[in-house]
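Structure first, then comments.
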Amino acid sequence: MDIQTNYLKLADGNQMPQEGFGLYKVDGQKVMNQSIKAAYEAGYRLFDTAQLYGNEQEVGTAFKELGIPRDQIFVTTKVAEANQGYDQAIQSVKESLKKLQMDHVDLLLIHWPIERAFFETWRAFEDMKKAGLTRSIGVSNYQMIHLQYLVTKAHEMPVVDQIELHPLLTQKPLLKFNHNHQIITQAWSPLGRGAVLGKEVLKQIGAVHHKSTAQVILRWHLQNGVAFIPKSVHTARIQQNADIYDFTLSPAEMAQIDQLNNYQRTGREPELTYEYDHQY
Ligand code: A2P
(Lines give C-alpha, C1' and ligand atoms only; values in the text may rest on other atoms or scores of the structure.)
Protein backbone atom coordinates (compact mmCIF):
# COMPACT_ATOMS: atom_id res chain seq x y z
CA MET A 1 0.00 0.00 0.00
CA ASP A 2 1.15 3.56 -0.64
CA ILE A 3 -0.38 7.04 -0.51
CA GLN A 4 -1.55 6.87 -4.12
CA THR A 5 -3.43 3.59 -3.85
CA ASN A 6 -4.81 3.97 -0.33
CA TYR A 7 -8.52 4.77 -0.60
CA LEU A 8 -11.37 4.62 1.91
CA LYS A 9 -14.92 3.76 0.88
CA LEU A 10 -17.52 6.39 1.76
CA ALA A 11 -21.09 5.52 2.81
CA ASP A 12 -22.43 6.93 -0.50
CA GLY A 13 -20.31 4.41 -2.47
CA ASN A 14 -17.63 6.89 -3.55
CA GLN A 15 -13.95 6.43 -2.73
CA MET A 16 -11.66 8.95 -1.04
CA PRO A 17 -7.89 8.87 -0.52
CA GLN A 18 -7.15 8.28 3.16
CA GLU A 19 -4.25 10.73 3.09
CA GLY A 20 -4.56 14.07 1.34
CA PHE A 21 -2.89 17.42 1.03
CA GLY A 22 -4.08 20.40 3.09
CA LEU A 23 -3.97 23.80 1.40
CA TYR A 24 -4.69 25.99 4.42
CA LYS A 25 -2.31 28.97 4.33
CA VAL A 26 -0.74 27.90 1.04
CA ASP A 27 -0.77 31.26 -0.71
CA GLY A 28 0.64 32.85 -3.82
CA GLN A 29 0.61 31.22 -7.26
CA LYS A 30 4.29 30.31 -7.19
CA VAL A 31 4.16 28.56 -3.80
CA MET A 32 0.83 26.96 -4.76
CA ASN A 33 2.26 25.50 -7.98
CA GLN A 34 5.40 24.25 -6.23
CA SER A 35 3.47 22.67 -3.36
CA ILE A 36 0.84 20.99 -5.53
CA LYS A 37 3.51 19.76 -7.96
CA ALA A 38 5.57 18.27 -5.12
CA ALA A 39 2.47 16.69 -3.58
CA TYR A 40 1.20 15.23 -6.86
CA GLU A 41 4.61 13.79 -7.66
CA ALA A 42 4.81 12.29 -4.17
CA GLY A 43 1.49 10.53 -4.81
CA TYR A 44 -1.05 12.75 -3.05
CA ARG A 45 -4.36 12.73 -4.93
CA LEU A 46 -6.68 14.53 -2.49
CA PHE A 47 -6.42 18.34 -2.30
CA ASP A 48 -8.33 20.16 0.42
CA THR A 49 -9.23 23.85 0.15
CA ALA A 50 -12.03 26.11 1.42
CA GLN A 51 -13.77 29.34 0.51
CA LEU A 52 -12.27 30.79 3.69
CA TYR A 53 -8.69 30.07 2.60
CA GLY A 54 -9.08 32.57 -0.26
CA ASN A 55 -6.94 30.41 -2.56
CA GLU A 56 -9.45 28.47 -4.71
CA GLN A 57 -8.48 30.44 -7.82
CA GLU A 58 -4.80 29.66 -7.26
CA VAL A 59 -5.59 25.99 -6.66
CA GLY A 60 -7.55 25.76 -9.93
CA THR A 61 -4.84 27.60 -11.85
CA ALA A 62 -2.14 25.32 -10.40
CA PHE A 63 -3.93 22.18 -11.66
CA LYS A 64 -4.30 23.78 -15.11
CA GLU A 65 -0.72 25.04 -15.35
CA LEU A 66 0.71 21.74 -14.11
CA GLY A 67 -1.46 19.78 -16.54
CA ILE A 68 -2.91 17.55 -13.82
CA PRO A 69 -5.92 15.69 -15.27
CA ARG A 70 -9.16 16.34 -13.38
CA ASP A 71 -10.01 12.66 -13.18
CA GLN A 72 -6.76 11.93 -11.34
CA ILE A 73 -7.54 14.09 -8.33
CA PHE A 74 -10.05 14.34 -5.52
CA VAL A 75 -10.88 17.96 -4.66
CA THR A 76 -12.58 19.17 -1.48
CA THR A 77 -13.85 22.65 -0.73
CA LYS A 78 -15.90 24.07 2.15
CA VAL A 79 -18.70 26.60 2.43
CA ALA A 80 -17.85 29.49 4.77
CA GLU A 81 -20.22 30.66 7.52
CA ALA A 82 -21.04 33.90 5.65
CA ASN A 83 -22.23 31.82 2.69
CA GLN A 84 -24.55 29.54 4.65
CA GLY A 85 -28.27 29.52 3.85
CA TYR A 86 -30.02 27.72 0.96
CA ASP A 87 -29.54 30.17 -1.93
CA GLN A 88 -26.28 31.65 -0.70
CA ALA A 89 -24.65 28.25 -0.30
CA ILE A 90 -25.52 27.22 -3.86
CA GLN A 91 -24.43 30.56 -5.29
CA SER A 92 -21.15 30.43 -3.38
CA VAL A 93 -20.37 26.90 -4.57
CA LYS A 94 -20.95 27.96 -8.18
CA GLU A 95 -18.41 30.74 -7.60
CA SER A 96 -15.99 28.29 -5.98
CA LEU A 97 -16.27 26.00 -9.01
CA LYS A 98 -15.57 28.93 -11.33
CA LYS A 99 -12.43 29.76 -9.35
CA LEU A 100 -11.38 26.10 -9.20
CA GLN A 101 -12.04 25.90 -12.96
CA MET A 102 -13.95 22.63 -12.67
CA ASP A 103 -17.59 21.58 -13.01
CA HIS A 104 -17.77 19.63 -9.74
CA VAL A 105 -15.84 18.97 -6.58
CA ASP A 106 -15.49 15.49 -5.12
CA LEU A 107 -16.38 16.50 -1.59
CA LEU A 108 -18.23 19.57 -0.34
CA LEU A 109 -18.16 20.35 3.37
CA ILE A 110 -20.00 22.80 5.62
CA HIS A 111 -16.97 24.46 7.21
CA TRP A 112 -18.46 25.05 10.69
CA PRO A 113 -21.87 24.32 12.23
CA ILE A 114 -23.85 27.50 12.88
CA GLU A 115 -27.30 27.85 14.35
CA ARG A 116 -28.63 30.28 11.74
CA ALA A 117 -29.16 28.23 8.55
CA PHE A 118 -28.22 24.89 10.14
CA PHE A 119 -30.79 22.85 8.20
CA GLU A 120 -31.18 25.07 5.11
CA THR A 121 -27.50 24.81 4.27
CA TRP A 122 -27.63 21.02 4.52
CA ARG A 123 -30.73 20.94 2.30
CA ALA A 124 -28.76 22.97 -0.27
CA PHE A 125 -25.96 20.41 0.01
CA GLU A 126 -28.34 17.52 -0.66
CA ASP A 127 -29.66 19.35 -3.72
CA MET A 128 -26.17 20.27 -4.97
CA LYS A 129 -25.20 16.62 -4.81
CA LYS A 130 -28.29 15.71 -6.86
CA ALA A 131 -27.42 18.48 -9.36
CA GLY A 132 -23.88 17.11 -9.75
CA LEU A 133 -21.99 20.10 -8.32
CA THR A 134 -20.35 17.66 -5.89
CA ARG A 135 -19.99 13.88 -5.75
CA SER A 136 -20.16 13.66 -1.94
CA ILE A 137 -21.37 15.87 0.89
CA GLY A 138 -20.09 16.20 4.41
CA VAL A 139 -19.46 18.51 7.33
CA SER A 140 -16.55 19.90 9.25
CA ASN A 141 -16.15 20.68 12.94
CA TYR A 142 -19.43 18.93 13.78
CA GLN A 143 -19.57 17.45 17.26
CA MET A 144 -21.81 14.55 18.19
CA ILE A 145 -24.63 16.89 19.21
CA HIS A 146 -24.63 18.62 15.79
CA LEU A 147 -24.81 15.29 13.98
CA GLN A 148 -27.61 14.09 16.24
CA TYR A 149 -29.51 17.32 15.53
CA LEU A 150 -28.87 17.10 11.78
CA VAL A 151 -30.27 13.59 11.53
CA THR A 152 -33.69 14.83 12.75
CA LYS A 153 -34.29 16.51 9.36
CA ALA A 154 -31.65 15.26 6.92
CA HIS A 155 -32.59 13.08 3.95
CA GLU A 156 -29.05 11.81 3.80
CA MET A 157 -26.26 12.12 6.32
CA PRO A 158 -22.73 13.48 5.85
CA VAL A 159 -20.25 10.84 4.70
CA VAL A 160 -17.29 12.77 6.14
CA ASP A 161 -16.78 14.81 9.31
CA GLN A 162 -13.53 16.77 9.14
CA ILE A 163 -12.41 17.72 12.66
CA GLU A 164 -9.38 18.96 14.52
CA LEU A 165 -7.61 15.75 15.47
CA HIS A 166 -4.05 15.06 16.63
CA PRO A 167 -2.31 13.44 19.62
CA LEU A 168 -3.15 16.39 21.90
CA LEU A 169 -6.85 16.15 20.94
CA THR A 170 -7.68 12.52 20.26
CA GLN A 171 -11.50 12.84 20.26
CA LYS A 172 -12.05 9.12 20.88
CA PRO A 173 -15.81 9.34 21.63
CA LEU A 174 -16.49 11.30 18.42
CA LEU A 175 -14.36 8.90 16.39
CA LYS A 176 -16.40 6.00 17.73
CA PHE A 177 -19.69 7.78 17.09
CA ASN A 178 -18.70 8.62 13.50
CA HIS A 179 -17.51 5.07 12.90
CA ASN A 180 -20.79 3.65 14.23
CA HIS A 181 -22.72 5.92 11.86
CA GLN A 182 -20.69 5.23 8.70
CA ILE A 183 -19.15 8.71 8.77
CA ILE A 184 -15.45 8.87 7.89
CA THR A 185 -13.55 11.10 10.29
CA GLN A 186 -10.99 13.27 8.54
CA ALA A 187 -8.30 14.99 10.64
CA TRP A 188 -7.45 18.62 10.04
CA SER A 189 -4.24 19.86 11.61
CA PRO A 190 -3.17 16.22 11.86
CA LEU A 191 0.20 17.41 13.19
CA GLY A 192 -1.42 19.80 15.68
CA ARG A 193 -0.05 22.71 13.64
CA GLY A 194 3.37 21.66 14.77
CA ALA A 195 2.51 21.86 18.50
CA VAL A 196 3.03 18.16 19.09
CA LEU A 197 6.16 17.58 17.00
CA GLY A 198 8.61 18.09 19.87
CA LYS A 199 7.13 15.50 22.25
CA GLU A 200 9.81 13.24 23.67
CA VAL A 201 7.74 10.05 23.47
CA LEU A 202 7.21 10.63 19.74
CA LYS A 203 10.93 11.16 19.22
CA GLN A 204 11.63 7.88 21.02
CA ILE A 205 9.11 5.97 18.92
CA GLY A 206 10.49 7.63 15.78
CA ALA A 207 14.04 6.57 16.68
CA VAL A 208 12.93 2.93 16.91
CA HIS A 209 11.45 3.02 13.41
CA HIS A 210 13.94 5.47 11.86
CA LYS A 211 11.11 7.91 11.20
CA SER A 212 10.46 11.55 12.11
CA THR A 213 7.92 12.56 14.75
CA ALA A 214 5.65 13.85 11.95
CA GLN A 215 5.75 10.43 10.30
CA VAL A 216 4.96 8.71 13.61
CA ILE A 217 1.89 10.94 14.11
CA LEU A 218 0.63 10.40 10.56
CA ARG A 219 1.12 6.64 10.92
CA TRP A 220 -0.92 6.80 14.15
CA HIS A 221 -3.75 8.46 12.18
CA LEU A 222 -3.46 5.84 9.45
CA GLN A 223 -3.69 2.93 11.90
CA ASN A 224 -6.64 4.63 13.64
CA GLY A 225 -8.51 4.31 10.32
CA VAL A 226 -9.17 8.03 9.98
CA ALA A 227 -8.45 10.19 6.94
CA PHE A 228 -5.91 13.00 7.31
CA ILE A 229 -4.59 15.99 5.38
CA PRO A 230 -1.13 17.19 6.42
CA LYS A 231 0.01 20.52 5.03
CA SER A 232 3.49 21.69 4.18
CA VAL A 233 4.99 24.06 1.63
CA HIS A 234 8.37 22.31 1.77
CA THR A 235 9.06 19.56 -0.76
CA ALA A 236 11.14 17.42 1.61
CA ARG A 237 8.38 17.49 4.25
CA ILE A 238 5.67 16.87 1.66
CA GLN A 239 7.58 13.75 0.57
CA GLN A 240 8.34 12.70 4.14
CA ASN A 241 4.66 12.95 5.10
CA ALA A 242 3.78 10.55 2.27
CA ASP A 243 6.47 8.07 3.31
CA ILE A 244 4.62 6.33 6.13
CA TYR A 245 3.56 3.08 4.49
CA ASP A 246 6.62 0.95 5.30
CA PHE A 247 6.44 0.65 9.09
CA THR A 248 3.90 -0.31 11.75
CA LEU A 249 3.34 1.07 15.23
CA SER A 250 2.79 -1.59 17.86
CA PRO A 251 -0.38 -1.55 20.01
CA ALA A 252 1.79 -0.33 22.92
CA GLU A 253 3.15 2.55 20.83
CA MET A 254 -0.37 3.47 19.66
CA ALA A 255 -1.46 3.56 23.32
CA GLN A 256 1.52 5.73 24.29
CA ILE A 257 0.53 8.27 21.64
CA ASP A 258 -3.13 8.17 22.76
CA GLN A 259 -1.95 9.14 26.21
CA LEU A 260 -0.72 12.53 24.96
CA ASN A 261 -4.36 13.65 24.78
CA ASN A 262 -4.93 16.78 26.87
CA TYR A 263 -7.96 18.23 25.04
CA GLN A 264 -5.77 20.94 23.53
CA ARG A 265 -7.34 22.74 20.56
CA THR A 266 -5.33 24.86 18.15
CA GLY A 267 -8.55 26.02 16.48
CA ARG A 268 -12.01 27.19 17.54
CA GLU A 269 -14.40 25.41 19.86
CA PRO A 270 -17.26 24.26 17.59
CA GLU A 271 -19.96 24.80 20.24
CA LEU A 272 -19.06 28.49 20.44
CA THR A 273 -18.86 28.93 16.69
CA TYR A 274 -22.36 27.45 16.51
CA GLU A 275 -23.64 30.06 18.96
CA TYR A 276 -21.79 33.03 17.46
CA ASP A 277 -22.74 32.23 13.84
CA HIS A 278 -19.15 32.53 12.69
CA GLN A 279 -15.62 31.78 13.85
CA TYR A 280 -15.03 34.13 16.73
P1 A2P B 1 5.56 24.03 6.69
O2 A2P B 1 4.42 24.31 5.75
O3 A2P B 1 6.45 25.23 6.86
O4 A2P B 1 6.32 22.78 6.35
P5 A2P B 1 -0.94 20.69 10.40
O6 A2P B 1 -1.00 19.90 9.12
O7 A2P B 1 -1.13 19.91 11.63
O8 A2P B 1 -1.77 21.94 10.35
O9 A2P B 1 0.57 21.17 10.59
C10 A2P B 1 1.19 21.81 9.58
C11 A2P B 1 2.39 22.52 10.15
O12 A2P B 1 3.45 21.60 10.40
C13 A2P B 1 2.88 23.51 9.18
O14 A2P B 1 3.29 24.63 9.90
C15 A2P B 1 4.04 22.82 8.48
O16 A2P B 1 4.98 23.80 8.17
C17 A2P B 1 4.54 21.86 9.53
N18 A2P B 1 4.96 20.56 8.99
C19 A2P B 1 4.34 19.81 8.06
N20 A2P B 1 4.97 18.66 7.85
C21 A2P B 1 6.05 18.66 8.68
C22 A2P B 1 7.10 17.75 8.92
N23 A2P B 1 7.17 16.58 8.29
N24 A2P B 1 8.04 18.09 9.86
C25 A2P B 1 7.97 19.26 10.51
N26 A2P B 1 7.00 20.17 10.32
C27 A2P B 1 6.04 19.88 9.42
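Where nothing but the Cβ of Lys and Arg (+1) and of Asp and Glu (-1) is charged, how large is the charge dipole of segment 169-264 around its Cα centre, in debye to the nearest 20? Approximately 220 debye in magnitude.
Tally up the carbon and sulfur contribution to the accessible surface of the chain as a whole percent, 1.4 Å probe, everything protein left in place. The C+S portion of the solvent-accessible surface of the chain is 50 percent. The mean sequence separation of alpha-carbon pairs under 8 Å and at least six residues apart, normalised by the residue count of segment 1-79, gives a relative contact order of 31 percent. Listed here are the pairs LYS98/LYS129; LYS9/LYS37; LYS64/LYS231; LYS9/LYS98; LYS30/LYS78; which of them are more than 19 Å apart at the Cα? Pairs exceeding the cut-off: LYS9/LYS37; LYS64/LYS231; LYS9/LYS98; LYS30/LYS78.
Working note: 222 nm ellipticity from helices only, DSSP H runs with n ≥ 4, each -39,500 (n - 2.57), summed and divided by the residues of the chain, gives -12000 deg cm²/dmol to the nearest 500.
Once C-alpha pairs closer than 8 Å and six or more residues apart are averaged by separation and normalised to the residue number of segment 151-207, the relative contact order reads 38 percent. Given +1 at the Cβ of Lys and Arg, -1 at the Cβ of Asp and Glu and no other charges, the dipole of the chain around its Cα centre is 380 debye to the nearest 20.
Note on segment 1-116: Cα Rg divided by 2.2 N^0.38 Å, N the number of residues, gives 1.06. Inverting the mean 1/r over all pairs of different Cα atoms, compute the Kirkwood radius of the chain and quote it in Å. It works out to 18.9 Å. Projected over all directions and averaged, the alpha-carbon convex hull of segment 110-236 occupies 9.3 nm². Computed over the chain, relative contact order equals 20 percent, with contacts defined as Cα pairs under 8 Å that lie 6+ residues apart.
Of the trypsin sites (Lys or Arg not before Pro) in segment 236-276, the ones in a loop by DSSP (not H, G, I, E or B) with at most 14 other beta carbons within 10 Å are ARG265.
When peptides 66-78, 50-62 are sorted by average Cβ neighbour count within 10 Å, with the highest value leading, the order is 50-62, 66-78. Once Lys and Arg get +1 and Asp and Glu get -1 on their Cβ, which of SER92, ILE137, ILE73 lies farthest toward the positive end of the dipole of the chain? Comparing the listed Cα positions along the dipole, ILE73 ranks first. Ordering ASN14, GLN34, LEU52 by Cα displacement along the dipole of segment 7-67 toward the positive end leaves GLN34 in first place; charges were set at the Cβ atoms of Lys, Arg (+1) and Asp, Glu (-1).
Can you work out D for segment 182-233 in µm² s⁻¹ from Stokes-Einstein, where Rh is the Kirkwood radius over C-alpha pairs, the temperature is 25 °C and the viscosity is 0.890 mPa s? Stokes-Einstein gives a translational diffusion coefficient of 213 µm²/s.
What you get for segment 192-242, charging only the Cβ of Lys and Arg (+1) and of Asp and Glu (-1), is a dipole of about 80 debye around the Cα centre. When DSSP beta bridges are restricted to pairs lying wholly in segment 151-271, around 10% turn out antiparallel.
The values are calculated or read from the model by the stated rules, or taken from the named source; none is laboratory data. Please read all numbers here as calculations on a predicted model, not as lab measurements. Glycine gets a Cβ as well: all are built from the backbone with ideal geometry, and neighbour counts include every protein chain shown. Ligands, DNA and RNA are excluded from the accessible area calculation, which covers all protein heavy atoms including side chains. Shrake-Rupley method; radii C 1.70, N 1.55, O 1.52, S 1.80 Å.
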